[in-house]
Structures are given as structure tokens and as C-alpha cells.
Amino acid sequence: MSDSRLLRIYLPAWILLLLALVTPALGRGFSFYWDQLSPSFQREGGYVLEVDIGDKLDIICPRLFNQYNVMYEVSREGYETCNSTGGRLLLRCNLPETDLVLTVLFQEVSPSPFGLEFKKGKDYYYIATSGGTLDTLDNRVGGNCESPTYMKLTIRVRGDPTERSESTDGNYAGRGDGVTTLPSVAKSADRRVNSASQLRRSALDFVSLLLTALLATVFGTLRL
């Protein structure tokens, strides 16, 4: 088989692989503590967070001996009733002497059959039904999800990265507009957004250079 024919066959695959490797760098990365004392919770309805596809969120267990909590992904009904029965266990904060982190990449298709997948325009629900102590760690109803802690999180995946969602699904009384966009998770949001913008530009420049070099190689080979 000739070199030119091989290039025609494998070039699209290489381009797709390159884009797949670089695309995650175009999103933003932030951290959030699964902390029952966080002021982000402690209000009726829990915490609502807006993200975009391509963003990354590290959910961190606090290294405290009085904060034993489990994070479950649940249905809307489970969220409202503080019932994690049948929910999906994502993070178990039971080793305060150890760094425990759940890294969530907001992607529509996961390469792993056990990975999380998200769709634009949808809300996803997470709660803690533990009571904060080791003996209540595996509770499946109530616990810190209920008043006064309200340890519950709605993650809203925006349909358009340039527009804020106008959906009322997931908004609750006492939250103002009920929505926090991902950059405000950290105090250094502005710096992180600027860094993310620079990273996007660098990644796009990198892709452009690689594609230019690849196409030049292809055309040079085809002329031979």
C-alpha cells in the first residue's frame, strides 16, 4: 500500500485523536469542598452550580475528623426528599488523614464505562445523607441533606457556554436567582478565568501549529 493511501486512511483518525487530547484543556478547572460547614450549603434548596461541557471540578473531602460524609448522585425526587436509596455513590469521605478527591470532567461521552457523562441543558443532583459522624456514614435518608445543613448540590450543565441558563429547574426559595456560575466557586475566580482564557489560546495555537505541520507533511508526501 502506498504512503499517500496510508495517509488518506489514517489522517482523519490522527486529527480526531489530537482534538480529543487537546479539548479538555479548553475548559476550566476548579475545586469544591464536600464540607458540611461550607456556607455554600446551609440554605434551603442547597447549592446550584452552573458549568459548561469541558470544565473540570475537583470535589475534595475535608481533612477533619468530624466530617464523615458520602456523596451520592440521585434523582430529582431523591434530592428533594433527601433520600439516597438507589443513588450512585461517588465519594466517600471516611479517611480524614488521607487526601480524597473526586475529579469530575464534564463530558458528554466518557471513555470509561464507569465514568460520568453529562448532557447540555440538564441538571444533576448530589446529596449527603450521612450525619457527619462515622456511625452515621452509611445513612441513606435525611442526615446532613436536611435542615439546617442542606448538604445538597445541583450541577446545571449550560446548553450554550456563552449564555446563562434560564431554566428554573433546580432554583429554590432563599437563593436569590438560585444559580452560581463555576468561576465563583473559588475566591481567585477572575485569575482562574484569565488563566483559562490564556490556556485556551495556547491550546488552539498548539493545535493550529500541529495541523499545519501535519498538512504540510501530507501535501509534501502526495507530491512525491
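All of the numbers you see were taken from the coordinates with simple rules; none came from a lab. Note that the coordinates shown come from a computational prediction; the quantities given were computed from them, not determined experimentally. Note that we place each Cβ from the backbone using ideal geometry, even for glycine, and neighbour counts take in every protein chain shown.
One decimal place: the segment Arg88-Val141 gains 17.7 nm when fully extended, by the rule 0.36 nm per residue minus the C-alpha distance.
Taking amide hydrogens as placed 1.01 Å from N in the peptide plane, the amide H of Val104 sits under 5 Å from those of Leu57, Asp58, Ile59, each at least 5 positions away in sequence or on another chain. Model label points for Val101 and Ser31, set 7 angstrom from Cα along the Cα-to-Cβ axis, are 0.7 nm apart. Taking the fewest neighbouring Cβ atoms within 10 Å as the starting point, the ordered list for Cys61, Cys93 is Cys61, Cys93.
Between Gln42 and Phe65, what's the calculated FRET efficiency when r is the beta-carbon distance and R0 is 25 Å? Round to 0.05.
On the way: r = 21 Å, r/R0 = 0.82.
Calculated transfer efficiency: 0.75.
Taking a ≥ b ≥ c as the square roots of the eigenvalues of the Cα gyration tensor of the range 93-151, is the shape rounded (a/c under 1.5), prolate (a/b larger than b/c) or oblate? Oblate shape, in that a/c is at least 1.5 and b/c is the bigger or equal ratio.
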